[in-house]
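Participant: Quick one: the structure is below, questions incoming.
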Amino acid sequence: MQRREIPFGRPMLGERERQAALAVLSGTTLVHGPATQAFEQAFAQRIGTRHAIAVASCTAGLHLALFAEGIGPGDEVAVPAMTHVATAHAAEFCGAKPVFVDVEPDSGNIDMNALAAAVGPRTRAITVVHYLGLPCDMDAANAIAAKAGAYVVEDCALAVDAGYGERKAGGLGRLGCFSFYPIKHLTTIEGGMVTTDDDDLARRIAQRKAFGYDRTIAERAKPGIYDVTALGFNYRMNEVEAAVGLAQLASLDDFQRARSANYRALRAALAELAEITVFAPLKGKARSSHYCLNAVLPRDGSLDRDAIVAELKAAGVGSSVHYPNAVPLMRYYADKYGYRAGQFPVAEWLAAQSISLPVGPHLQEGDVGYIANAFKAAILRGRGRQAAAQ
Ligand SMILES: Cc1ncc(COP(=O)(O)O)c(C=O)c1O
């Protein structure tokens, strides 16, 4: 088969996005404008929440989700050990302590039994992560939070349109935080969105993403005159980003269809590899948004993940790792809180042995078959190395 170059992900920007960006750049309103408002409304409608507040990134959203509720020193925020560091950093930004919880071996989502054991009198919030787009057991998460007097933040960075019963991720806890980084389900270059049904919280988040001003530009009777009634940041999304996001929403149904078809085809093509774990895209009430196909190698380390990734790369197949270490074992957290290898066995297994394969809408005709063949060939060679070493 002729060699191909298939990146793990690629931003899907077309003429509609270019025109939308140019229209903003040709005008004079670059922030605080109608594109942001329209994007927020359209996104809230898509997710099914009363509010959506555009922010500079998912990280900014996760920070605001804790900060706007007054979380600070002395408080604890439960987070999964397997996630992007942003989930834990948000608690650190507030001066709170992230309490790490291991994840389930059949989904990569936070383990609800371990979570129930980890919450205590200092727990103010639980940030769950819908790992690679599969919603957590939110009924359990909300029940644990209610019992502890805490609330649930959903990290939906990879979970746009992920389903849970009749609802979508982002509308399942008190707040949801989305990422529009270039290779996410949709992009605004950098950017994020906070979703919530809580009117008062939405107002506090909107205020704190813009310095804590007491009124928006539109609300100012006298230009330039405002008061500041809370501490806040500059976490706004600009108008070019919002216009690009709005344009992306027009293509999102097509992107999602392609993503799930690619996912299903790749999953079927890899089914014969008995030693590889691929988490089910449906679990209980949860339906995945198919961010990628995560192939997890055996726990015993009998296949060398890095060698397989190198072979994929040599064949032109891009891949990624979600995520490169259990967050509590990242140097910053290990040094600060004294975590050691072995304390989060499932998260450590995923960090060491998983490979994220591409299924995004950037794949061309025949790419899924090419990726599957390259992966199978790399596994076969890995088995050969394993046999030779015995
Ligand atoms: C689970 C999770 N949360 C948060 C983030 C951070 O998103 P952003 O880059 O928009 O701040 C990421 C980034 O990939 C992520 O995977």
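Participant: Taking a threshold of 22 Å on the Cα-Cα distance, which of the pairs 97/147; 97/336; 97/168; 97/184 fall above it?
Facilitator: Values: 97/147 20 Å; 97/336 10 Å; 97/168 29 Å; 97/184 28 Å.
Listed pairs above 22 Å: 97/168; 97/184.
Participant: Beyond 23 Å, what percent of the Cα pairs of segment 253-389 remain?
Facilitator: Numbers: 3657 of 9316 pairs.
For segment 253-389, the fraction of Cα-Cα distances above 23 Å is 39 percent.
Participant: Mind checking which of 175, 231, 115 has the largest fluctuation in a GNM of the chain, springs on alpha carbons under 10 Å?
Facilitator: Of 175, 231, 115, the Gaussian network model singles out 231 as fluctuating most.
Participant: Still on this structure: Between residue 147 and residue 15, how many nm apart are label points set 7 Å from Cα along the C-beta direction?
Facilitator: Label at residue 147, label at residue 15, 5.7 nm between them.
Participant: Which of 55, 321, 244 comes first, and how do the rest follow, when ranked by fewest Cβ neighbours within 10 Å?
Facilitator: Fewest to most other Cβ atoms nearby, the residues stand as 321, 244, 55.
Participant: At R0 = 45 Å, how high is the FRET efficiency between residue 113 and residue 231 if r is their beta carbon distance? Nearest 0.05 is fine.
Facilitator: Values: r = 37 Å, r/R0 = 0.83.
Computed FRET efficiency for residue 113 and residue 231 comes out at 0.75.
Participant: Need the C-alpha centroid separation for segment 73-143 versus segment 197-232, integer Å.
Facilitator: Here the answer is 30 Å between Cα centres.
Participant: Next question. Mind running the shape call on segment 134-252? Use the C-alpha gyration tensor, a ≥ b ≥ c as the square roots of the eigenvalues: rounded below 1.5 for a/c, prolate if a/b tops b/c, oblate otherwise. List each step's numbers first, then the result.
Facilitator: Values: a/c = 2.69, a/b = 1.30, b/c = 2.06.
Note, shape of segment 134-252 comes out oblate.
Participant: Another one. Cβ under 9 Å from residue 174's Cβ, residue 174 left aside: what net charge do those residues give with Lys, Arg +1 and Asp, Glu -1? Intermediate values should be presented prior to the final figure.
Facilitator: On the way: positive: none; negative: 69, 154, 197, 198.
Summing Lys/Arg as +1 and Asp/Glu as -1 gives -4.
Participant: Membrane-span-like helices in the chain: DSSP H runs reaching 27 Å or more (Cα, own axis), mean Kyte hydropathy at least -0.5?
Facilitator: Values: long enough: 239-270 (42 Å, 0.02); 367-389 (33 Å, 0.09).
Result, helices passing both filters: 239-270, 367-389.
Participant: What does the charge count around residue 50 come to, taking other residues whose C-beta lies under 10 Å from its C-beta (Lys +1, Arg +1, Asp -1, Glu -1)? It would help to have the intermediate numbers written out before the result.
Facilitator: On the way: positive: none; negative: 197, 198, 199.
With Lys, Arg at +1 and Asp, Glu at -1, the net is -3.
Participant: OK, next. Rounded to the nearest 500, what is the chain's calculated 222 nm mean residue ellipticity when only DSSP H runs of at least 4 contribute -39500 (n - 2.57) each, over all residues?
Facilitator: Details: 12 runs with 153 residues, N = 390.
For the chain, the value works out to -12500 deg cm²/dmol.
Participant: Along the Cα-to-Cβ line of residue 23, 7 Å from the Cα, sits a label point; which residues in segment 223-254 have backbone N less than 17 Å from it?
Facilitator: 238-252
Participant: Above 20 Å lies some portion of the pair distances; for segment 200-320, what is it as a whole percent of all C-alpha pairs? Walk me through the numbers before you get to the answer.
Facilitator: Values: 4861 of 7260 pairs.
Percentage above 20 Å: 67.
Participant: State whether the chain is rounded, prolate or oblate according to the following rule on the C-alpha gyration tensor (a ≥ b ≥ c being the square roots of its eigenvalues): a/c under 1.5 gives rounded; otherwise a/b larger than b/c gives prolate, and the remaining case gives oblate.
Facilitator: Numbers: a/c = 2.14, a/b = 1.34, b/c = 1.60.
The shape class here is oblate.
Participant: For residue 343 paired with residue 197, estimate the spin-label separation in nm (one decimal), with each label point 7 Å from Cα along the Cα-to-Cβ line.
Facilitator: 3.6
Participant: Restricting to segment 15-247, compute how many DSSP beta bridges are antiparallel as a %, nearest 5. Walk me through the numbers on the way to the answer.
Facilitator: Numbers: 15 of 31 bridges.
Given both bridge residues lie in segment 15-247, the antiparallel proportion sits at roughly 50 percent.
Participant: Right, another one. Cβ under 15 Å from residue 273's Cβ, residue 273 left aside: what net charge do those residues give with Lys, Arg +1 and Asp, Glu -1?
Facilitator: Working: positive: 267, 305, 376, 381, 383; negative: 272, 275, 311.
So the surrounding residues net to +2.
No lab work stands behind these numbers, since they all come straight from the coordinates. This is a predicted model, so every value here is computed, not measured. Backbone-built Cβ (ideal geometry, glycine too); neighbour counts: all protein chains shown.
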